[in-house]
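Just so it is clear, none of the values below were taken in a lab; they were calculated from the coordinates. Quick caveat: nothing in here was measured; it's all calculated off a predicted structure. Note that we place each Cβ from the backbone using ideal geometry, even for glycine, and neighbour counts take in every protein chain shown.
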Amino acid sequence: MRLDLNLLVVIEAIMLERNVTRAAGSLSMSQPAVSNALRRARALTGDQLFLKAADGVQPTARMLAIWPELHRALAVVRTSIAPARFDPRTDPTSFRIAVTDSLAGEAVSDISLKLHSLSPFARVAFSFHTNASSLEAIERGTLDCAIGMFPALPRDIHVQGLGTDHYVCVMNSGHPLRQEMSLEQFVSGSHVLVTPSGMDLGVIDGWLSLHGKTRSISVVVNHFVDALRIVAGSDLLTCVPGEFLRGHGQTLVNQHRLVVRELPFETERLVYKLVWHERVHTRPAHQWFRSLIADACRIEQETAAEKAE
């Protein structure tokens, strides 16, 4: 069987973009040319590979089955023939990253501006982050790296620590617990839980369970900004990482005169981690990009309560 490797590159681009038009743009090809290549790939594999969806295309079961080995094989080929050096000033490389919500408000702009300044022809795309979805995307090859807390990591995932943080409690300036807060008072209050995954329990609830306590969660949201806006206009409490308050959340704290208090029980430190797959570990462009991320996302070692006060 004669195999046109260009078809594999087209399939890969469609899989990553989940959209034929965007895949054509990423390959600097016309949409008709990509559609023609897809037709040939379908004839070659005897499968539709991609089906139309509301926002583009979705892979078939056959495509999902061949994707891991296909993507890994193309990565090996690219690594084998790639130049030993990467020149950020001229190379038009694309990067894909997911950033945890507590850092995204600052990190997205910092990474973008730094990348545009140092590598004007490069492209970066940001994705919504949860620990599970980001790891799945990195394994699948649709993400190059991710920043999160990741309590457990697979063996083929590399990790670099970016800094530590801790949760604090935030409330409005008229809240009865603004001056003093015991563990019993904390758990008796009503809370706003922030969880990108939409689950009903978070890190705080795991820590409380060690003390034999549970709290009442009235609202579940996906973003820390929403939680701060809710507590600003209510008697609800919310817990957020201190780094968020030193960055994107500081404006809301100042604007609504929110009160920041340390949690009234022992907690673990949060560790922000940059993770990536073995397949891109030695690629010069990705090594350079990870260095840029580490520089842009350096975590200041300062408590949020000290900063807010």
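Show me the ranking of peptides 19-27, 47-55 by mean Cβ neighbours inside 10 Å, starting with the highest. Before the final figure, lay out the partial values.
Numbers: 19-27: 18.6, 47-55: 12.8.
Ranking, from highest mean packing down: 19-27, 47-55.
If you take the beta carbon distance between Thr251 and Ala132 as r and set R0 to 41 Å, what does 1/(1 + (r/R0)^6) give as a FRET efficiency, to the nearest 0.05? Don't skip to the end; give the middle numbers.
On the way: r = 30 Å, r/R0 = 0.74.
Rounded to the nearest 0.05, the efficiency is 0.85.
Of all beta bridges DSSP finds with both residues in the chain, what is the antiparallel percent, to the nearest 5?
Values: 24 of 39 bridges.
Among the beta bridges of the chain, antiparallel pairing accounts for roughly 60 percent.
Which order do peptides 152-163, 270-281, 216-227 fall in by mean Cβ count within 10 Å, highest first? Let's see the in-between values first.
Numbers: 152-163: 13.2, 270-281: 19.6, 216-227: 17.5.
In decreasing order of mean packing, 152-163, 270-281, 216-227 become 270-281, 216-227, 152-163.
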For the pair Leu210 and Ala294, how long in nm is the line joining their label points, each one 7 Å along Cα→Cβ? 2.9 nm
For segment 81-152, size of Cβ-based charge dipole, Lys and Arg +1, Asp and Glu -1, in debye: 240 debye
The farthest towards the positive end of the charge dipole of the chain, of the residues Val231, Leu245, Ser35, given +1 on Cβ of Lys and Arg and -1 on Cβ of Asp and Glu, is Ser35
Computed [θ] at 222 nm, deg cm²/dmol, the chain (DSSP H ≥ 4; -39,500 (n - 2.57); rounded to nearest 500): -13500 deg cm²/dmol
Dividing the mean separation of Cα pairs under 8 Å (6+ apart) by the residue count of the chain yields a relative contact order in percent of 21 percent
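Could you size up the charge dipole of segment 5-81 around its Cα centre, putting +1 on the beta carbon of Lys and Arg and -1 on that of Asp and Glu, and report it in debye to the nearest 20? Don't skip to the answer; put the middle values down first.
Numbers: 9 positive and 5 negative charges, 23 e Å.
My answer is approximately 120 debye.
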Semi-axes, largest first, in whole Å: what does sqrt of 5 times each Cα gyration tensor eigenvalue give for segment 229-274? 21, 15, 8
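From the square roots a ≥ b ≥ c of the eigenvalues of the alpha-carbon gyration tensor of segment 167-262, which class results: rounded (a/c under 1.5), prolate (a/b over b/c), or oblate?
Working: a/c = 1.66, a/b = 1.21, b/c = 1.37.
It is oblate, given that a/c is not under 1.5 and a/b is not larger than b/c.
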Inter-site label distance for Arg18 and His281 at 7 Å from Cα along Cβ, in nm: 2.9 nm
Taking r as the C-beta separation of His166 and Ser117 and R0 as 45 Å, the FRET efficiency to the nearest 0.05 is 0.90
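Just for segment 131-283, what percent of DSSP beta bridges are antiparallel, to the closest 5? Before the final figure, lay out the partial values.
Values: 20 of 27 bridges.
The answer is about 75 percent antiparallel.
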Taking the Cα-to-Cβ direction at Leu5 and at Glu268 and moving 7 Å from each Cα, how far apart do the two end points lie in nm? 4.5 nm
In the chain, taking the dipole from +1 charges on Lys and Arg beta carbons and -1 charges on Asp and Glu beta carbons about the Cα centre, the listed residue (His281, Gly202, Leu113) farthest towards the positive end is His281
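Any idea what the dipole of segment 12-130 comes to, in debye rounded to 20, about its Cα centre with Lys/Arg Cβ at +1 and Asp/Glu Cβ at -1? Show your work: numbers first, answer last.
Working: 14 positive and 10 negative charges, 91 e Å.
Value, rounded to 20: 440 debye.
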Cross-link partners among aspartates and glutamates for Lys273, C-alpha distance below 19 Å, same-chain residues fewer than 8 apart left out? Asp101, Glu106, Asp110, Glu136, Glu139, Asp144, Asp156, Asp165, Glu243, Asp295, Glu300, Glu302
Work from the charge dipole of the chain (Cβ charges, +1 for Lys and Arg, -1 for Asp and Glu, about the Cα centre) and give the residue of Ile138, Val192, Tyr272 farthest towards its positive end. Ile138
Among [x] 18.4; [y] 15.5; [z] 19.4, only one was calculated for this model; which label is it, if the read-out is mean projected area of the Cα convex hull in nm²? [x]
